[in-house]
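The values are calculated or read from the model by the stated rules, or taken from the named source; none is laboratory data. Nothing here was measured: the structure is a model prediction, and the numbers come from that model. Neighbour counts run over all protein chains shown; Cβ positions are idealised from the backbone, glycine included. We work out accessible area using only protein heavy atoms, side chains counted, and drop any ligands, DNA or RNA first. Shrake-Rupley method; radii C 1.70, N 1.55, O 1.52, S 1.80 Å.
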Amino acid sequence: MSLVLAVYDPPIDALQEQLDAVSSQSSSDWECIAVDDASTDPNVALVLARWASIDPVRRQVITREQNGGIAAASNDGLEAASGEFVGFIAHDDVLHADAVEAVIAHFAQHPEHGVVHTDEQTVDARGAVIAAYHKPDWSPRRHLGHHYLAHFVAARRAVVGDLRVLADFEPSQDYDFYLRVIEEAERMGFTVGHIPRILYSWRAIAGSSARDASEKPEMVEAVRRCVAAAIERRGDDARAELVEHRGTPTTSCRLVRPVPEVPFAAIPISIDTSPADVNTAIVGSDAEVICLVDDSGVHDADWAGQLIAL
């Protein structure tokens, strides 16, 4: 397995912890390509050089002369990757000790899977656990509205092929990348697998979206562009709209499709509604689509149309 690690001026202690986590994997069947994206902190180069010198076969450091951003650094790592499987890790997070072993074993046991995602947790600057995220299995509809795969994701190198990370979608470049990788996997006859174990710690520090999406305000619109591009590639007659929470756009999208002319009836129900009441209302309706609602006021004006479209 190839681990691609893009590095740019991280907290030195966090970088060292991630490098140690890679070095301490329970499986020795890995290589790690660390790409220093022209860090301004001289300690970064020193730490990477010392780490690589211990095992130059499996630990490779690429130093970029100019800062190109996470997409450029990730692509340099992909170009150098030689493993059968490949995954990205971040310079201030922590890969768990059995992550590589678990991913390789999963692919061996599931030849039908071209991509696999794992569960994760968020930790604070000191490494204390903030929250655990036990993810659902693969859901194409959910992923198109929410990049819940996030960390840690791995793919067969044959599936990744010539696909590369696109700078146009930063800071949501990973979302766009995996949308395209999964599309390619499906074209090749693969599906997406899930390892229901926490194998990755995402550090919530200043500047990280793990702490709050507002740390990267440009991410919200980037997410929408990722989804819009996927819709266009797939030929879906829909548009992507950002979901708002209390009036503020979030990093989730919904698809809005043209609404067909279909007779629709919304039947209100409450705690006092009996089964007989519901049956009477349904029998007395000539609508093609019927929806039971307990409070239509919680939905926006377009909710019924989008249900019909689906």
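So the values come out like this:
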| quantity | calculated |
| --- | --- |
| Of all residues in the range 210-230 being over 23 Å from Val256 (Cα atoms) and open to solvent by 30 Å² or more (accessible area, probe 1.4 Å), the one that is modelled with the lowest pLDDT | Arg211 |
| Residue, farthest from Leu78 (Cα to Cα), within the range 119-170, restricted to residues that are among the small types (Gly, Ala, Ser) and in a helix (DSSP H, G or I) | Gly145 |
| Among the residues listed as Gln16, Gln60, the single one being in a strand (DSSP E or B) and open to solvent by 50 Å² or more (accessible area, probe 1.4 Å) | Gln60 |
| Filter pass, Ala240 being small (Gly, Ala, Ser), at pLDDT 90 or above and more than 30 Å from Ile290 (Cα to Cα) | no |
| Candidates Ala281, Ala265, Ala287, Ala276 - the one that is open to solvent by less than 40 Å² (accessible area, probe 1.4 Å), in a helix (DSSP H, G or I) and not basic (Lys, Arg) | Ala281 |
| Unmet requirement for Ile195, which otherwise passes all of (1) open to solvent by less than 20 Å² (accessible area, probe 1.4 Å); (2) in contact with a Gly (Cβ under 6 Å, 6 or more places away or on another chain) | (2) |
| Hits in the range 27-44 (condition: open to solvent by less than 50 Å² (accessible area, probe 1.4 Å) and farther than 12 Å from Ser2 by Cα) | Ser27, Val35, Asp36, Asp37, Ala38, Ser39, Asp41, Val44 |
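Residue by residue, here is whether (1) open to solvent by less than 30 Å² (accessible area, probe 1.4 Å); (2) modelled with pLDDT under 95; (3) within 21 Å of Tyr8 (Cβ to Cβ) holds:
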| site | (1), (2), (3) |
| --- | --- |
| Asn67 | no, no, yes |
| Val94 | yes, no, yes |
| Asp98 | no, no, no |
| Phe107 | yes, no, no |
| His110 | no, no, no |
| Arg142 | no, yes, no |
| Val160 | yes, no, no |
